[in-house]
Structures are given as C-alpha cells and as structure tokens.
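Engineer: Submitted below is the structure of interest, expressed as structure tokens.
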Amino acid sequence: MSDTPASLGGGSAVADERIVADAEAAAETAAHVSGCRVRPISALSDLEGACALFESIWKPDGESALATPELLRAMDKAGSYVAAAFDTTRDDELVAACIGFFGPPAASSLHSHIAGVSARMRGRSVGFALKAHQRAWTLRHGAAQVSWTFDPLVRRNAYFNIGKLAARPVQYLQDFYGRMNDGINGGDATDRLLAEWHLAAPNVAAACHGRPQHANAGAWRTTDAALDITADGRPVTGRITGARTRVAVPGDIEQLRRSDPACAAAWRSALRDVLSGLLTDGWQVAGFDRAGWYLLERQDRQ
C-alpha cells in the first residue's frame, strides 16, 4: 500500500478496490461507534439543515452566509462532496455536515471546505466519523488526497487533525480568509495551516481504524522550544540548537480572545512568525502533543 496518489492510478484494480473497501469498513465502524449514520445529501431539506447547522456553529453577523442551499445543491450536482451525519438515537436528526470540492490536476484531490458538528454531539466522535466517510467517499471517486485548512491556534483541532487523523500541515497561510465576523474567529486574523491527508497511506488507514500512530512526544519534551508559553500564559520565543523543536499553543484561544484580546493577538503574531518561518525553512510537523505542542523535525539536521 503506497502513500502516494499513484497507489490508486498505477496499481491493479483488485488492489485499488481493497484500499477502498477497507476505507469504507473503517468509516462504517466509526459511524456506528458515534451513534450516527453518515451519508451524502441532496434533498433540499437536508441541504437547508446543513446550512442552518453551519450558521449555528459560526454565528455570522448576517453580512454573509457560510453556505447556502443553492450552493450546496450546485456542488452536489457537480459531483462534489456534500454529506451529513444523522443521530440514529434521535430520529435521524442532522447533527454534522461537511462539504468539499475537487481541485486540479484532473480532480486528483478534494479540498474539504467546511465541516461542523453540533454542540450537543461533541465528544461522541462524530467529526471523526464524518472524516472517515469523506476519506472512503473520496477514494471511491478516484482521488487519493484531501486537503483542508484549520486555525493553528486551536489546540483541539490541531490534535484532531494531526494526532487522530494523521494529516500533516504543509503550509502556513497568513490571514487566509480576511476578516470573518463570526462567534469563533472574532476580530482575529484568519491565519490557517493547510493540511494534506494522503488517503492510501498506511498511517492514515490505521488512524481511520482508530489506531493512530502518535509521534513519541517524549523525544521532544527535552528539546528547545522555538515558541514556549510562560507561567501566565503568554508566548515567548526561544532558540533552536538541534534537529527537533517544539512550538506551543495556548490552552483555549477562543476563550482568550474574549478574556484577553491583547494576549490572543500576541499569540497570533508569535505563532505566525515562528511556525510559518519553520515550515518555510524546511521543518516538518511530525506530530502534535496533546499537552499543546507542535512537534517539528528537520531531516537534514539529523
């Protein structure tokens, strides 16, 4: 099993089908564990429900909508990914949704644009089930990679994307969406990490079966921190002397934006300078320590 797109296009049909079938089995198990049913949606009522869910999560100020039923209808008709999770314990209530679209070259990858889970369902691994379904669906449709962006300051999202799904950040994007007037981003700059998920990679397959191969965080805990956190929760830069380093993020940036906007802004600036600089300089994210650290390494220094 290869971790490159060639594993789908260049292998035998039997091998390709084996990868897809395994992904679909993993997705089915994940959905069962979460108590949900995950499927593509096309009915107008479901599309409206997905849009309403996105609105309830991000709470935009009314200037613009995250998505509209008309847009989702067009995306579905064009063959894009439009799916939702339904709570089987509550008469199939729509509790999560995700949309994505194919990108060049030749639709070889899917960009996952929005994914959201209702507050009531958090902690039940619904988001994991939704991503496992997206992986299986994308493989079934002939693509081998999914990409998406996430706020690098949100600790739980970094752990979910890197630790649980085995996606890897590849690029730091400064103020990617511009100002977003919503209840999550507030007035903060919308810096994002672009993550890539190589769907046929063995570590991704293992992660989707609930067996993530975590980086050994202990190997980093005694290394220099390129960005550390002070006792009062503020960022402080450090120096790097070896082939490994750590980059800290605050415990709850969303709460910090409300309680101490100046400190939140300091974290955005510090993380932008440090993490963006490291990725540009050839460092790679090897994992994320749940204690709040990006774990980075540079092969040419080892």
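The values are calculated or read from the model by the stated rules, or taken from the named source; none is laboratory data. Everything quoted here is computed from the prediction, not taken from an experiment. No Cβ is skipped: glycine too gets one built from the backbone with ideal geometry, and neighbour counts run over all protein chains shown.
Engineer: Filter the stretch 214-268 for residues that are β-branched (Val, Ile, Thr) and either crowded, with 16+ Cβ neighbours inside 10 Å or at pLDDT 95 or above (or both) and give the result.
Structural biologist: Hits for the stretch 214-268 are Thr223, Ile229, Thr230, Val236, Thr237, Ile240, Thr245, Val247, Val249, Ile253.
Engineer: Shifting gears a bit: Working only within the stretch 219-267, note down all residues that are within 23 Å of the chain's Cα centre (by Cα), within 15 Å of Asp289 (Cα to Cα) and β-branched (Val, Ile, Thr).
Structural biologist: Across the stretch 219-267, the qualifying residues are Thr245, Val247, Val249.
Engineer: Filter the stretch 113-153 down to residues that are assigned to a helix (DSSP H, G or I) and either among the hydrophobic types (A, V, I, L, M, F, W, C) or not assigned by TED's automatic domain parsing to the domain that holds Pro169 (or both), then give me how many there are.
Structural biologist: The number of residues fulfilling the criteria is 10.
Engineer: Output the number of the condition that Ala74 fails; it satisfies all remaining conditions of (1) buried (at least 19 other Cβ atoms within 10 Å of the Cβ); (2) modelled with pLDDT of 95 or more; (3) aliphatic (A, V, I, L, M).
Structural biologist: Unmet for Ala74, out of (1) buried (at least 19 other Cβ atoms within 10 Å of the Cβ); (2) modelled with pLDDT of 95 or more; (3) aliphatic (A, V, I, L, M): (1).
Engineer: Residue pairs, Cβ under 9 Å, 6 or more apart or interchain, first in the stretch 10-29 and assigned to a helix (DSSP H, G or I) and charged (D, E, K, R), second buried (at least 16 other Cβ atoms within 10 Å of the Cβ) and modelled with pLDDT under 90. List them.
Structural biologist: Qualifying pairs under 9 Å: Asp16/Ser7; Asp16/Leu8.
Engineer: Quick test for you: out of Leu279, Leu194, Leu271, Leu275, pick the one residue that is outside any helix (DSSP H, G or I), touching a strand residue (DSSP E or B) at 6+ places or on another chain (Cβ under 9 Å) and either buried (at least 17 other Cβ atoms within 10 Å of the Cβ) or not polar (S, T, N, Q) (or both).
Structural biologist: Values: Leu279 fails: outside any helix (DSSP H, G or I); Leu271 fails: outside any helix (DSSP H, G or I); Leu275 fails: outside any helix (DSSP H, G or I).
So the residue among Leu279, Leu194, Leu271, Leu275 that is outside any helix (DSSP H, G or I), touching a strand residue (DSSP E or B) at 6+ places or on another chain (Cβ under 9 Å) and either buried (at least 17 other Cβ atoms within 10 Å of the Cβ) or not polar (S, T, N, Q) (or both) is Leu194.
Engineer: Does the stretch 233-253 contain at least one residue that is in a helix (DSSP H, G or I) and either within 27 Å of Trp58 (Cβ to Cβ) or in the same structural domain as Gly163 (by TED's automatic domain parsing) (or both)?
Structural biologist: Within the stretch 233-253 (the criterion being in a helix (DSSP H, G or I) and either within 27 Å of Trp58 (Cβ to Cβ) or in the same structural domain as Gly163 (by TED's automatic domain parsing) (or both)), the answer is yes, since at least one residue qualifies.
Engineer: While we're looking at this one, here's another question. Yes or no: the stretch 47-54 includes at least one residue that is more than 27 Å from Arg268 (Cα to Cα) and in contact with a Lys or Arg (Cβ under 7 Å, 6 or more places away or on another chain).
Structural biologist: Filtering the stretch 47-54 for residues more than 27 Å from Arg268 (Cα to Cα) gives 47-53.
Those still in the list that are in contact with a Lys or Arg (Cβ under 7 Å, 6 or more places away or on another chain) too: 47.
Within the stretch 47-54, one or more residues are more than 27 Å from Arg268 (Cα to Cα) and in contact with a Lys or Arg (Cβ under 7 Å, 6 or more places away or on another chain).
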